Amino acid sequence: MSLRGVIKSSLPLYLLETIRAQRQLAPAYKGSALASWLAAFLPGKHSALERSRFGLLPPASRRAMDLVVDVGANEGQWITALLSLIPVQRAIVIEPNPAAMLRCKQHLRGRQGISFSEIAVGARRGSAVLHVTKASDFSSLLDPDHKIINENYVHDSSAVVAEQKVEVFPLDDLLAQDRKIDLLKLDVQGFEREVLAGAVNVLRRTCVVLVETNFQSHYRAGSTFDSLFQQFTKELGFFFWTLSDPYRGKSGQALWADSVFINPALVSQNG
């Protein structure tokens, strides 16, 4: 075993997690080792780093941001975690499920610079049916594939408990006045292709996209990692940066991961 391996095997898990947190947070503190170490020891930072996937972002993007757009915010888990790590001047939170949006607003109550849009996002203006599921994070404009979900998640998570008509807008219309987006997060449960198709102009002004990508489609006609990789890199001019450790099903098969794509015209690949 290498010296590094010996050291890692002898350190308590919490200390190892703190070292990892410090490395992820260092760019946010402009290289100040003391400040990033102090932050890494604060309660809740480790879980916030995991929920926000902050460490997946290129170092040049791990710092204060002017504008963040959260599409598919659900109950605000991701944006709340991000805001606990770095200052964000303005955040636009988009979620079509009224019950989830209500809880999202409760979680973000009192925070400044946040606007909420209770709508869905797609390729063009119109309306669609939102399939609201028992577990709100499976709600989608697409029909869930109950077989794969029931086999790998809590039983009946994708059971449809309501169908609600929602308004759909393209991001190019919603964000037409915004000049630059530091970070765009997409969690739209298989509807990614349509969202990207309606965001061609916005993406030219977007530095980084964090998107949940399925290796095995969880929805009928849903997007998968391979199709999104092609769409980002071949059609939209983005570079693939990295992805998280995959979520694995009961058989061990990788089912999904969070992926990061960067706009090379706006973000240095060298940090």
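The values are calculated or read from the model by the stated rules, or taken from the named source; none is laboratory data. Here the structure is a predicted model, which means the values were calculated and not measured. Cβ atoms come from the backbone with ideal geometry, glycine included; neighbour counts cover every protein chain shown.
The table below lists the values:
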{"item": "In the stretch 84-116, the residues that are of a type in the set (V, I, T) and either part of a loop (DSSP other than H, G, I, E, B) or crowded, with 21+ Cβ neighbours inside 10 Å (or both)", "result": "I86, I92, V93, I94"}
{"item": "Residue under evaluation P27, criteria (1) over 30 Å from N201 (Cβ atoms); (2) under 21 Å from the mean Cα position of the chain (by Cα); (3) part of a helix (DSSP H, G or I), criterion not met", "result": "(1)"}
{"item": "Only listed residue being on the phi < 0 side of the Ramachandran plot, surrounded by fewer than 21 Cβ atoms within 10 Å (Cβ to Cβ) and in a strand (DSSP E or B), chosen from D70, D66", "result": "D66"}
{"item": "Residue that is free of Cβ contacts under 8 Å to residues at least 12 places away in the same chain and in a helix (DSSP H, G or I), where the choices are A39, A81, A35, A48", "result": "A35"}
{"item": "Any pair with Cβ under 8 angstrom, 6 or more apart, that starts in the stretch 87-109 at a residue that is outside the structural domain of L184 (by TED's automatic domain parsing) and ends at one that is outside any loop (DSSP other than H, G, I, E, B) and among the acidic types (D, E)", "result": "none"}
{"item": "Boolean, F215 is surrounded by fewer than 20 Cβ atoms within 10 Å (Cβ to Cβ) and touching a Ser or Thr at 6+ places or on another chain (Cβ under 7 Å)", "result": "yes"}
{"item": "Residue among K165, K134, K147, K105 that alone is more than 24 Å from L196 (Cα to Cα) and at pLDDT 95 or above", "result": "K105"}
